[in-house]
Amino acid sequence: MKNRSKHITNTDFLKTTFQPRGFGALKFLLEKEFKQVWRNKFLIRVIFLLPLLSLALLPMVANFEIKNNNLAVVDHDHTPLSELLIKKITSSGHFRLVSVTADYKEALKDVEQDRADVIVEIPAAFEKNLMTNYSADLLVSANAVNAVKGALGTSYLAQIINNFSTELRNKYLTANSRLQAPAFEIVPRYDFNPRLEYKFSMIPAIIMMILGMISGFLPALNIVGEKERGTIEQMNVTPVKRLPVILSKLIPYWVIGFIVLTICFIVAWIIYGMVSVGGYLEIYLFATIFVLAFSGLGLVISNYANTIQQAMYLMFFFVINFIFLSGLYTPISSMPEWTQTMSFFSPLRYMIEALRSIYLKGSSFMDLWHQFMALVGFAIFFNFWAINSYRKKA
């Protein structure tokens, strides 16, 4: 009897055993990706420690509230009223008195040597002029090397001096009939952040920054890492199409994004007592599209980069520009007009607007329809680009 057995090569075995070519292969590809993530202990630490440490530290340091300005006072008057003004300024909590002198040049030396940030000069006859002429002059000098600190410091100081003037008018000067006039009391009400806590507006933005970095950097390094290890060639010789390959790279980091977002919400609640005024379902809906958009951008970069260093530099370039154009630190309305136009190309802008509105104001999905559609557009654009730019060499 003739032996009809055939010699089966490795290539023939691969083609006969690995039958799924389309979405049927997605199951096996996802299993591979999740196993790689789970075996990477460093990645597991990043997923859990990055949101924890970032939310614990960044809201404390990324803060534009200026406190403990060093104050130098030049007092030429030496009256009870000038001393009362000094106490009024220092008791506000924004200023720390470092020196009181009668010579302006000595106070200026404190500024030049970084011992003082602001100088208040009280002229001679300050109390006399205020009581007889109902007005007096004060000189405020600020160190503007740090423009933000100088501007906000003088703004706080002007507000304190205005309040001091109002108190004096109510206490001493209203007895004079010439000054009697209808009185108006302005009581401001701050909606959505009554105590004007800067960290409350920063926490939602920082959460989105963390989510963008996780969902952008990790996919960008995934394909490039396989290029450097040579394992991507094993995928290229299989009959699997490009779309399942890209989806297998997107879905694990989409799941990781949800895990990171949940950890951020828990940390914000435990450390800062901050919970969403609106619903969490809307936040997760927006985050779903945002993570897909940023992961798609990461895959686009990984398709063009040949080394991990190239992918990191390219991703860092886009992320840092997206952050500064998003309104995270500076309101978009305060930017130049051409920069405001550029901000429309930052996915972070729309996600930060949505999260702040839902988290602090309780906005509904219909209130944020335009932001949602913008994120959908970014997700379609980047993922379509990622699929078409992935060159599969069979």
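The values are calculated or read from the model by the stated rules, or taken from the named source; none is laboratory data. Since the model is a prediction, treat every value here as computed from it, not as a measurement. Cβ coordinates were reconstructed from backbone atoms using ideal geometry, including for glycine residues, and neighbour counts include every protein chain displayed.
Overview of results
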item: Qualifying positions in region 77-93 - touching a strand residue (DSSP E or B) at 6+ places or on another chain (Cβ under 6 Å) and in a loop (DSSP other than H, G, I, E, B); result: 77
item: Hits in region 80-99 (condition: of a type in the set (A, V, I, L, M, F, W, C) and either out of contact with any helix residue (DSSP H, G or I) (no Cβ under 7 Å at 6 or more places or on another chain) or free of Cβ contacts under 8 Å to residues at least 12 places away in the same chain (or both)); result: 84, 86
item: Meets criteria (within 38 Å of the chain's Cα centre (by Cα) and not in a helix (DSSP H, G or I)) for residue 99; result: yes
item: Residue check, residue 96 surrounded by fewer than 17 Cβ atoms within 10 Å (Cβ to Cβ) and closer than 28 Å to residue 200 by Cβ; result: yes
item: Test: residue in region 239-254 that is touching a Leu at 6+ places or on another chain (Cβ under 9 Å), polar (S, T, N, Q) and assigned to a loop (DSSP other than H, G, I, E, B); result: no
item: Of all residues making up region 35-76, the number that are assigned to a helix (DSSP H, G or I) and over 30 Å from residue 149 (Cα atoms); result: 14
item: Hits in region 297-311 - residues which are part of a helix (DSSP H, G or I) and not aromatic (Phe, Trp, Tyr); result: 297, 298, 299, 300, 301, 302, 303, 308, 309, 310, 311
item: Residue that is nearest to residue 80 (Cα to Cα), among those in region 124-136 that are modelled with pLDDT of 80 or more and in contact with a helix residue (DSSP H, G or I) (Cβ under 8 Å, 6 or more places away or on another chain); result: 127
item: Sole residue being within 17 Å of the chain's Cα centre (by Cα) and not hydroxyl-bearing (Ser, Thr, Tyr), chosen from 368, 375, 348; result: 348
item: Residue match in region 356-366 (condition: farther than 14 Å from residue 294 by Cβ, of a type in the set (Lys, Arg), part of a helix (DSSP H, G or I) and in the same structural domain as residue 222 (by TED's automatic domain parsing)); result: yes
item: In region 233-289, the residues that are surrounded by fewer than 17 Cβ atoms within 10 Å (Cβ to Cβ), at pLDDT 85 or above and of a type in the set (S, T, N, Q); result: 262, 288
item: Those residues of region 92-107 which are closer than 12 Å to residue 71 by Cα and modelled with pLDDT of 85 or more, in sequence order; result: 95, 96, 97, 98, 99, 100, 101, 107
item: Single match in 350, 329, 359 (criterion: at pLDDT below 90, surrounded by 13 or more Cβ atoms within 10 Å (Cβ to Cβ) and not basic (Lys, Arg)); result: 359
item: Flag for residue 101 being hydroxyl-bearing (Ser, Thr, Tyr), surrounded by 15 or more Cβ atoms within 10 Å (Cβ to Cβ) and over 20 Å from residue 78 (Cα atoms); result: no
